[in-house]
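Below is one structure, written out as structure tokens; comments come after it.
Each value in this text was obtained by applying a stated rule to the coordinates, not by laboratory testing. Owing to the predicted nature of the structure, the values given are computational and were not obtained by experimental measurement. We place every Cβ from the backbone using ideal geometry, glycine too, and count neighbours over all the protein chains shown.
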Amino acid sequence: FANARSVRVMFNQSVAVAKRRLNHNKLLIVEDVIGVPPVPERIPALAAALKELHEHIGIPQVKEAVRSLCDVARKNYDKELNGMKTDLIPLNRLFLGNPGTGKSTIASIYGRILKNLLLLSKGEVIERKASDFIGDVIGASETRTRGILSLAKGCVLIIDEAYNLNDGHFGKAALNTIVENVSNAPGSDIAVIMIGYEKNMLAMLNEQNPGLCSRFDPTNAFRFEDFTDLELLQIFSSAAARDLVDVPIDIKCAAVRHLAKQRNMKNFGNARAVITLLGAAKSRMNSRMQKNPTGDQAMTLDDLLGEDANLKANPLQCIDELQGGDDEYGFRTVLRQLGNSINLCNLENRPYDPVGNFIFTGAPGTGKTTVASKMAKMLNAFGVLASNHVVVTTALDLTGQYVGQSKKVIEGKMEEARGGVLFIDEAYKLGEGSFGEEVLVKLLGMLTEPEYNNGKTIVILAGYEADMNAMLSRNAGMASRFNERIHFSDWTKEQCVDLVENMARNEKPLPFMSNEAVRSILLMGFQELLKRPNWANARDSESMYKYLKKSRDRRRSNEVNTTTLLAHKNTENCLHFTEEDARMAVDIFLRNRAPAPAQTSSPFRRNGFSNMPPPPEAFANFTPPSFAPPAFKTATTSAKTDTSNDANSEGEVDEDLCQECTEEKSDRVEELDDEELNNPDPNAEQFSASRRAQLEQARREHEARQAAEAHAYAVLLALEAANAAEMERMKAEQAESDKRHAELVAAEKKRVEEELAELARIEAERKAAHEAEMERIRLEHEEALRKAEAERQEALRKEQEAEQKRLREEAEARKKAHEEEIERRRLIAEQQERERAAAEAARKVREAEEKKRLEA
């Protein structure tokens, strides 16, 4: 308060206001001093600001608070007229709300209202970002903040995205400076409005200087709630009408439904989301009308939703795209039942029960992650989930390394998956150890929070069935919160081959034509893989397809010359898989996958030829086989045999003996004693000519079979030798390729290191130049501040001198006027004295005349 100077300033302001009035007649009135009544009827700018606020959709709390503020200002005006003490109003405010709720727009309107209510000396609205307060060197933040606050004295200062000040040392310095220079005491000649998201702003108030809460009271904040469905419809209709877009009412309702389910997502855009959706729809609509000018001129559902329109028309098509899981109670059945229930509720226009959380059990590669993704798309198309986004993580990723870290990790993942699906693989590890228990407790707690409960965010726990059951038994609250279970069975070899064919059929640029021979080889390969450990179902099918492509490319690269490749480049069969590709792919896969511990090694199994039977044990060290007729055990046995021969008379072959001699899967045959066959015991009455003929026939058949097996095994050895030579050649090529690759990697690494060094040098130079530039700017700024301060002091001195001169002149003028007034009054007194003397003389003359008359 500047005492007499403040009085002079107020007087000058009042005179200036009076001169702006018509016919002021050099007379000051009350309105010249304290202003006109703060009512819209007397202040057009206030009426315009209040009208703009009233026409803004939503924000009833803010509108009511502004009306209360106007009432207090009007009552204060009446109190001031009557000489009563006025109610002072704290002007600092927090504007809290989600994106797109109109915080920045309303803050500007609110600043204009404060200005027109004459609550501030100047009333100008100054808008700044949080980054405007933050410096890049120590002390710069304080200097910038003081400069902005000094500029905003008597004004409305709006700080947008103020939560960004809660970041690092420089932001903290700016906040401390605001606390030092801004008071929320009623009557302060500055109004600071901080705008930001409620969660981030409250975190800043709690973590930074405690004085922030007293200066920016969160209980007195303006809270901007998300728009309701009706308000979203009004915003969409207004924006469409403003852009002259014809939107039918059913499309508007579809847009509102699409926007309403996004409300559960993180940082829902509200009005901003409406503008974004309408802009994308207009773009698709314009593209459609350019292609078909005579088509529908109004916006369609395809224009509004784009590629999602077909999916939303038939959400169950996501299930049809899945492979595997064709058991009675598999994921197809569960998801189809869930989708049909939701669809029925939508058709009958009644609410459906919230979708719960799921447990997926099954071996790796059975499609758990894929089904989770398809389920998210289906539920999003039905409108159950706000997004089809799936966040995939593991229990190990959620487990922290120190106390409290696990809570932050699970909070981050849940926030990332908000409105969608959180898929936790290997979830049976949750609850193991103190950190795992911390994750489990926090997860169960967050499932009950309003942002995630009642199916707003779906959590899926996946793992082996036995391990998942053990985990559920450790925590009683898990079963009630995860009440939906789907089991994924292992894939059959036919399903694996179907998946490989589908991947190959979708290969570009040419389609894949199915080949039964290739399919048979793949079936044999998968049959062998099923017996080996670490079977990964569909994941192994994808690996097999990769091996197939590598084998095909390797075969094609071994063509005679480049001309041949170019000649067949555009032929129909150039990218098709052959039997050779399939054999090589199966062979490579089986060699890379360790066999089961109990399986006997053999040349056939080692090289992937699982379709061929293993050789007999007698062929392990391949030597020419010998044949011996069967030996006869005892007389009792011979007698029994002879009885059988009598029943099988006249050359009939003993079926048991033939079965013993002709069994293909037997690893050996009984040894026959030639000596006993050629020199039979004369006492053996049962040894007849027909029996000898049968044995001779069996021996010839056995020799023929041994010769065929020996030939097959010789062919196999030749194939194995050729395969070994091919593998050696491939190894040599691979070694050469690895060598070239290593050289290229080394050269690339050297180049990258040189580039990084150059970038580091450039960055260091840039940083040094930046620091020098910032130091120069700081010095220039300080010099400018000093000059400005000097100029201000000089202007103040001149103003004081002018004021003193004016006061002296006024004093001299008043003195002169006073002297003139004294002289005027003296002359008047002399004139009055002369008039009195004349009157007295006249009276005396009259008295003398009267006396004479009386005497006469």
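Would you work out the charge dipole size for the range 814-856 about its Cα centre, treating the Cβ of every Lys and Arg as +1 and the Cβ of every Asp and Glu as -1, and quote it to the nearest 20 debye? Don't jump to the answer; show the numbers that get you there.
Numbers: 14 positive and 12 negative charges, 21 e Å.
So the magnitude is around 100 debye.
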Quiz item: What are the residues whose amide H is under 5 Å from the amide H of GLY135, where those residues sit 5 or more places off or on another chain and H is modelled from the backbone?
Solution: SER141
Practice problem: With just the Cα atoms of the range 40-224, tell me how far they stretch along each of the three principal axes, in Å, largest first. | Solution: 51, 37, 25
Quiz item: How large is the charge dipole for the range 692-792, taken about the Cα centre, if only the Cβ atoms of Lys, Arg (+1) and Asp, Glu (-1) carry charge, to the nearest 20 debye?
Solution: 540
Quiz item: ARG705 to MET727: FRET efficiency via 1/(1 + (r/R0)^6), r the Cβ-Cβ distance, R0 51 Å, to the nearest 0.05?
Solution: 0.95
Quiz item: Separation of the range 80-101 and the range 265-280 by C-alpha centroid, Å?
Solution: 31
Self-check item: Ranked by how many other beta carbons lie within 10 Å on average, peptides 104-114, 748-758 from highest
Solution: 104-114, 748-758
Quiz item: Which entries in the list LYS129/LYS153; LYS129/LYS408; LYS368/LYS442 go over 20 Å, if you measure between the two C-alpha atoms of each?
Solution: LYS129/LYS408; LYS368/LYS442
Quiz item: Under a straight-distance cross-link criterion of Cα-Cα below 17 Å, which lysines are reachable from LYS852, leaving out those fewer than 8 residues away in the same chain?
Solution: LYS844
Practice problem: Give a residue-ordered list of calculated ³J(HN,Hα) values for the range 453-465 (Karplus: 6.51 cos²θ - 1.76 cosθ + 1.60, θ = phi - 60°; whole Hz; x for Gly, Pro). | Solution: 6, 6, x, 5, 9, 9, 10, 10, 9, 10, x, 5, 4
Exercise. Report, by chain and number, residues whose modeled amide H sits under 5 Å from the one on PHE488, excluding near sequence neighbours (fewer than 5 apart, same chain).
Key: THR361, GLY362
Self-check item: Interchain or long-range residues, amide H under 5 Å from VAL245's placed H
Solution: none
Quiz item: For the range 407-421, in order, what is each residue's ³J(HN,Hα) by Karplus, 6.51 cos²θ - 1.76 cosθ + 1.60 with θ = phi - 60°, in whole Hz (x at glycine and Pro)?
Solution: 4, 5, 5, 5, 4, x, 5, 5, 5, 5, 8, 4, x, x, 10
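Placing +1 at every Lys and Arg Cβ and -1 at every Asp and Glu Cβ, with all other atoms neutral, what dipole size does the range 332-448 have around its Cα centre, in debye to the nearest 20? Intermediate results must be reported in sequence, preceding the final value.
Details: 12 positive and 11 negative charges, 78 e Å.
I would put it at about 380 debye.
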Quiz item: So, in the range 229-311, how many Lys pairs have Cα atoms under 23 Å apart, if the pair is 8 or more places apart or on different chains?
Solution: 4
Exercise. Assuming R0 = 56 Å, can you tell me the calculated FRET efficiency for the pair VAL752 and ASN82, based on Cβ-Cβ distance, to the nearest 0.05?
Key: 0.10
Self-check item: Calculated from backbone phi, Karplus (6.51, -1.76, 1.60) coupling profile of the range 165-170 in Hz, x at Gly/Pro
Solution: 6, 8, 8, x, 5, 5
Exercise. Run down the lysines and flag those whose C-alpha is under 19 Å from the C-alpha of LYS798, throwing out any fewer than 8 positions away in its chain.
Key: LYS787
Quiz item: Distances over 17 Å make up what percent of all Cα-Cα pairs in the range 770-855?
Solution: 76
